[in-house]
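Enquirer: What follows is a structure written as structure tokens; I'll ask about it next.
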Amino acid sequence: MKRWLLSVALAVIPVVANADENVLKKIDAKYDDTAMVAQKLWEWAEVGYQEERSSELLQDRLKAAGFKITKGVADIPTAFTAEFGTGGPVIGILAEFDALPGINQDASPNRSPIDGKAAGHACGHNLFGAGSLTAAISIAEWLEETGTPGRIRLYGTPAEEGGSGKVYMVRAGLFDDVDIALHWHAGDENSAAARTTLANRSAKFRFSGVSAHAAGAPHRARSALDGVEAFNNMVNLMREHVPQQSRIHYVITQGGLAPNVVPDFAEVFYYVRHPDADGVEAIWERVEDAARGAALGTGTEVEWEVIHGNNPLLVNETLAKMMDQKLREVGGINYTPAEKKFAKEIRKSFDDPRLDLGSEKEIQPYSRSLGYGSTDVGDVSYATPTVGIRTATWVPGTSSHSWQAVAASGTSIGYKGAQIAAKAMTLGAIELYTNKDLLEAAREEFEEARGENYKYKSLLGDREPPLDYRK
């Protein structure tokens, strides 16, 4: 199997005159550290709430940089906070590091699964963790060198993919004293657009029946799989009668092991999404009714466990426009000849890519829009003013949650994108520490957007973290 090792030129990012050149040069010097951490997380590809080595590596690097580490926060063994500095303002940086199960790929532009590997970084969280780490350390160095009062706090946030790790951290009050939260995400473009997300909720619906020989005594049986299939049919009919921007999807996780045995247990895992939390809850009631009806009609029993739930992202345009400016100061990505070769090869596998090769050099126009994904950053954004960016860590046209995303996330293309994120967030944090008017304007917009009588409500209820949801 051919391994694509892509060479890197460190001085690839243009810097305009008004940027802090010294800070950016220091981040350039950290490229090897960013790449090493990203590569380790990529190789380990640990899924939600099982990211033991990934979490430990980030903590070790932060401790070595002088951060105070608090482990196992919010009753999650792999969650942590790491803080540096004194006084205020307090700026939080989010760092994700969980992989997606059921998909893996070598760092190759052609489909090359790795034998025996059960997961992969198809959403680029290895880059997310590494880039946020570099940003936090760079900001800490700036605070110390300049003597600026303020604290930088990195949040090690596990299980974003269906586990809602940040929701438990919000519920535990870990963001109550944070002035601004910064985050970023892997992607196929460079953008600071104010993009909101869909609220969502998931649950595992478990049907129980009576087992019997499928040919010799089917009349004695009540098939749990029939319950799941009847449930799915009803929900699929319901799709015609939900709001246009809703999303409903599922996988049957257990359905029996042998065709000649009527299964007495079956399970289906559902997601429901809508632009606002109330919309999710309204659809969810109908889904629960369908489950009850399916059980009644098939002579089975059903119960369900809510696994996760996220509020939509509350955008803050005061902060988004500031980050758009910082991202433009940093600039986009320039590919080496080897990276161009990789990009051209992998694009042969794309179906109608929406972005052209070469757009990785550009910053996309600023806009406000609705994204159809969901993230537990949404709950953070209702706890404190929050802003994020995307960088071109993948070849333009790459879809997230794909083998192509896994491939690029394990190469220098991904590492360069993580460096751009680190630079933009560092410049953004410096602006926030030194611009009191900006802080106040962001807070004012935040309070107005939440509303005068806002009270936080978690879409996953009061359940404890589902530490075994990926087992």
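Enquirer: Looking for whichever is in contact with a helix residue (DSSP H, G or I) (Cβ under 7 Å, 6 or more places away or on another chain) and either free of Cβ contacts under 8 Å to residues at least 24 places away in the same chain or not in a helix (DSSP H, G or I) (or both) here; the options are 107, 135, 130. Which one fits? Outline the logic, then answer.
Expert: Working: 135 fails: either free of Cβ contacts under 8 Å to residues at least 24 places away in the same chain or not in a helix (DSSP H, G or I) (or both); 130 fails: either free of Cβ contacts under 8 Å to residues at least 24 places away in the same chain or not in a helix (DSSP H, G or I) (or both).
None of the other options fit; the residue is 107.
Enquirer: Got a sec? Which of 103, 93 is among the aliphatic types (A, V, I, L, M), open to solvent by less than 20 Å² (accessible area, probe 1.4 Å) and in contact with a strand residue (DSSP E or B) (Cβ under 7 Å, 6 or more places away or on another chain)? Steps first, please.
Expert: Values: 103 fails: open to solvent by less than 20 Å² (accessible area, probe 1.4 Å).
Result: 93 is the single residue among 103, 93 that is among the aliphatic types (A, V, I, L, M), open to solvent by less than 20 Å² (accessible area, probe 1.4 Å) and in contact with a strand residue (DSSP E or B) (Cβ under 7 Å, 6 or more places away or on another chain).
Enquirer: Anything in the stretch 443-463 that is out of contact with any strand residue (DSSP E or B) (no Cβ under 7 Å at 6 or more places or on another chain), in a loop (DSSP other than H, G, I, E, B) and surrounded by 10 or more Cβ atoms within 10 Å (Cβ to Cβ)? List them, or say none.
Expert: Of everything in the stretch 443-463, those that are out of contact with any strand residue (DSSP E or B) (no Cβ under 7 Å at 6 or more places or on another chain), in a loop (DSSP other than H, G, I, E, B) and surrounded by 10 or more Cβ atoms within 10 Å (Cβ to Cβ) turn out to be 454, 456, 457.
Enquirer: Can you tell me how many residues within the stretch 200-227 are more than 30 Å from residue 374 (Cβ to Cβ) and hydroxyl-bearing (Ser, Thr, Tyr)? Break it down into steps so the answer makes sense when it comes.
Expert: Pass one, the stretch 200-227, residues more than 30 Å from residue 374 (Cβ to Cβ): 209-223, 226.
Retained after the next criterion (residues that are hydroxyl-bearing (Ser, Thr, Tyr)): 211, 223.
Here the count works out to 2.
Enquirer: Looking at 353, 312 in this structure, which one is in a loop (DSSP other than H, G, I, E, B) and either open to solvent by less than 10 Å² (accessible area, probe 1.4 Å) or modelled with pLDDT of 95 or more (or both)? Step through it out loud before you land on a result.
Expert: Values: 353 fails: either open to solvent by less than 10 Å² (accessible area, probe 1.4 Å) or modelled with pLDDT of 95 or more (or both).
Answer to the check: 312.
Enquirer: Within the stretch 315-322, is there a residue that is open to solvent by 30 Å² or more (accessible area, probe 1.4 Å), of a type in the set (Ser, Thr, Tyr) and touching a helix residue (DSSP H, G or I) at 6+ places or on another chain (Cβ under 6 Å)?
Expert: Taking the stretch 315-322 as the starting set, the residues that turn out to be open to solvent by 30 Å² or more (accessible area, probe 1.4 Å) are 317-318, 321.
From what is left, the residues that are of a type in the set (Ser, Thr, Tyr) are 318.
Then drop every residue that is not touching a helix residue (DSSP H, G or I) at 6+ places or on another chain (Cβ under 6 Å), which leaves 318.
Within the stretch 315-322, one or more residues are open to solvent by 30 Å² or more (accessible area, probe 1.4 Å), of a type in the set (Ser, Thr, Tyr) and touching a helix residue (DSSP H, G or I) at 6+ places or on another chain (Cβ under 6 Å).
Enquirer: Could you tell me which of the residues 140, 203, 172, 130 is of a type in the set (A, V, I, L, M, F, W, C) and open to solvent by 10 Å² or more (accessible area, probe 1.4 Å)?
Expert: Numbers: 140 fails: open to solvent by 10 Å² or more (accessible area, probe 1.4 Å); 203 fails: open to solvent by 10 Å² or more (accessible area, probe 1.4 Å); 130 fails: open to solvent by 10 Å² or more (accessible area, probe 1.4 Å).
The match here is 172.
Enquirer: If you don't mind, there's one more thing I want to ask. How many residues are over 25 Å from the mean Cα position of the chain (by Cα) and touching a residue at least 12 places away in the same chain (Cβ under 8 Å) when one looks only at the stretch 445-471?
Expert: 1
Enquirer: Moving on to the next point. Of the numbered conditions (1) open to solvent by 20 Å² or more (accessible area, probe 1.4 Å); (2) assigned to a strand (DSSP E or B); (3) closer than 30 Å to residue 397 by Cα, residue 182 fails exactly one; give the number of that condition.
Expert: (1)
Enquirer: Being farther than 24 Å from residue 416 by Cα and of a type in the set (Lys, Arg) narrows it down to one residue among 25, 30, 40, 68; which is it?
Expert: On the way: 25 fails: farther than 24 Å from residue 416 by Cα; 30 fails: farther than 24 Å from residue 416 by Cα; 40 fails: farther than 24 Å from residue 416 by Cα.
Testing whether each residue is farther than 24 Å from residue 416 by Cα and of a type in the set (Lys, Arg) leaves just 68.
Enquirer: Taking the residues in the stretch 382-429 that are assigned to a loop (DSSP other than H, G, I, E, B) and β-branched (Val, Ile, Thr) as candidates, determine which candidate is surrounded by the most Cβ atoms within 10 Å (Cβ to Cβ).
Expert: We begin by selecting, within the stretch 382-429, every residue assigned to a loop (DSSP other than H, G, I, E, B); these are 382-385, 393-402, 410-411.
Okay, now just the ones that are also β-branched (Val, Ile, Thr), so 384, 393, 395, 398, 411.
On the way: 384: 22, 393: 34, 395: 29, 398: 29, 411: 28.
Filtering the stretch 382-429 for residues that are assigned to a loop (DSSP other than H, G, I, E, B) and β-branched (Val, Ile, Thr), the one surrounded by the most Cβ atoms within 10 Å (Cβ to Cβ) comes out as 393.
Enquirer: If you scan the stretch 356-389, which residues turn out to be within 16 Å of the chain's Cα centre (by Cα) and modelled with pLDDT of 95 or more?
Expert: Result: 375, 376, 377, 378, 379, 380, 381, 386, 387, 388, 389.
Enquirer: So which of 70, 86 ends up being β-branched (Val, Ile, Thr), open to solvent by 20 Å² or more (accessible area, probe 1.4 Å), without any contact (Cβ under 8 Å) to a residue 24 or more places away in the chain and under 26 Å from residue 139 (Cα atoms)? I'd like the intermediate steps shown before the answer.
Expert: On the way: 86 fails: without any contact (Cβ under 8 Å) to a residue 24 or more places away in the chain.
Only one candidate qualifies: 70.
Enquirer: Further question on the same structure: Exactly one of these conditions fails for residue 274: (1) modelled with pLDDT under 95; (2) within 22 Å of the chain's Cα centre (by Cα); (3) not aromatic (Phe, Trp, Tyr). Give me its number.
Expert: Every listed condition holds for residue 274 apart from (1).
Enquirer: Pairs only if they're at least six apart or on different chains, beta carbon under 6 angstrom, first in the stretch 357-383 and within 24 Å of residue 243 (Cα to Cα), second among the acidic types (Asp, Glu) and in a loop (DSSP other than H, G, I, E, B); list them, first residue then second.
Expert: Close Cβ pairs satisfying both conditions: 376/160.
Enquirer: Follow-up question, since we're still on this one. Scan the stretch 252-296 for residues that are open to solvent by 70 Å² or more (accessible area, probe 1.4 Å), more than 30 Å from residue 456 (Cα to Cα) and assigned to a helix (DSSP H, G or I) and report the count.
Expert: The qualifying residues number 1.
Enquirer: Which residues, counting only those in the stretch 185-226, are assigned to a strand (DSSP E or B), within 24 Å of residue 276 (Cβ to Cβ) and of a type in the set (A, V, I, L, M)?
Expert: 194, 199, 203
The values are calculated or read from the model by the stated rules, or taken from the named source; none is laboratory data. Since the structure is predicted, the reported quantities are computational estimates derived from the model, not experimental observations. With ideal geometry, Cβ positions are generated from the backbone for all residues, glycine too; neighbour counts draw on all protein chains shown. Please note that ligands, DNA and RNA were not included when accessible areas were found on the heavy atoms of the full protein model with its side chains. Shrake-Rupley method; radii C 1.70, N 1.55, O 1.52, S 1.80 Å.
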